[in-house]
Amino acid sequence: MANPVTESAAGLLRRALRFFLPVHCSSCNSLLADDPIPHFCSDCWSKISLMPDSRCARCDHPFHSSIATTYSPHHVCQPCAEHPPSYTKAWTLYPYTPPLQHAIRLFKYRGKVSLAAPLAALMIARLPPLDSIDVIMPVPLHIERLRQREFNQSLLLAGDIGRTLNIPIAYTNLIRAIPTPAQTTLSRKSRLKNLRRAFALRHPDAIVKKRILLIDDVFTTGTTVNECAKTLRKAGSGDVFVITLGRTMDPTMIPDRIMAQRPPSLKLLGG
């Protein structure tokens with residue numbers, strides 16, 4: 001049980017620090033007071049957008065028109081129809097646009113791990129029905145990248161989700177065996193080449209016939225999660241499902257009010 005005296009002292013300390021060392025919202029630059037989300041004002045956090053309703057039934061890619069799913073809710077996009085991914089179904093919960101984009105970049109690249117809990121809470125708030133999942137796995141980082149960053153953002157998100165759903169988490173079974181260049185600036189073809197045979201399992205027997213939920217932060221082309229799923233399926237797993245916090249969006253599908261929040265120096269690219 002929380003100690004009210006300790007909580008009160010911590011609150012006073014936070015107020016004192018903010019008085020002498022003012023903190024500004026990372027999205028709109030307004031002065032933060034007692035906003036509950038680190039680095040962001042409540043107003044900006046409330047503006048995080050939702051994905052369009054009409055999306056591919058396999059990879060969750062948004063359709064430009066809702067007509068495709070009006071007559072068939074199980075409609076898939078052309079890439080999934082021509083080259084079905086190794087995962088059974090992916091859910092991408094929010095567009096990777098400001099202010100969520102700012103939050104993920106602070107969390108992932110600037111080490112603001114205090115954002116892990118609020119970002120995981122965003123995911124938990126939009127989770128689809130997940131029946132009979134046996135184990136949760138975060139998309140892994142190579143050990144060299146992990147040493148540089150000092151944490152795996154997907155693992156932190158997966159931890160909160162696993163505890164909420166009461167599903168076991170396999171933190172270290174799926175590994176990135178080969179170091180690969182950053183994916184953010186690569187084309188889809190280069191990503192495929194970059195990630196070929198990049199993933200492996202420490203204990204393949206542990207996932208045989210298991211239904212697995214993969215967790216990652218951002219879905220760009222889907223190459224990373226698909227290669228993870230391919231590794232799991234080759235080892236004999238059951239269905240593999242994917243959930244990511246954000247998804248990079250075709251600029252033609254981003255509302256003007258969101259584009260207006262995007263500084264010219266920021267690109268809509270994910271990991």
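Derivation of every value follows stated rules applied to the coordinates shown; laboratory data play no part. The structure displayed is predicted, hence computed values, not measured ones. Positions of Cβ are generated from backbone atoms using ideal geometry, with glycine treated the same way; all protein chains shown enter the neighbour counts.
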Counting only DSSP loop positions in segment 34-96, the chymotrypsin sites (Phe, Trp or Tyr not before Pro) whose Cβ has at most 16 other Cβ atoms within 10 Å are Phe63
Note: Gln148 to Ser54 extended length (0.36 nm per residue) minus current alpha-carbon separation gives 30.0 nm
Sequence order, segment 204-218: Karplus ³J(HN,Hα) from phi using 6.51 cos²θ - 1.76 cosθ + 1.60, θ = phi - 60°, Hz rounded, Gly and Pro as x, gives x, 4, 6, 10, 4, 6, 7, 8, 10, 10, 8, 10, 9, 7, 9
If R0 = 25 Å, then Arg163 and Arg197, at their Cβ-Cβ distance, give a FRET efficiency to the nearest 0.05 of 0.20
Length gained if Ser66 through Val113 is fully extended, taking 0.36 nm per residue and subtracting the Cα-Cα distance, is 13.2 nm
On the formula 1/(1 + (r/R0)^6), with r taken between the Cβ atoms of Asp131 and Cys28 and R0 of 41 Å, the FRET efficiency rounded to 0.05 is 0.55
Expected sort for Cys80, Cys56 with the fewest Cβ neighbours (10 Å cutoff) up front is Cys80, Cys56
Listing Met137, Met249, Met51 by rising number of other beta-carbon atoms within 10 angstrom, fewest first, gives Met51, Met249, Met137
Listing Glu227, Glu82 by rising number of other beta-carbon atoms within 10 angstrom, fewest first, gives Glu82, Glu227
With 0.36 nm assigned to each residue of separation and the Cα-Cα distance removed, Asp43 to Tyr171 gains 42.6 nm
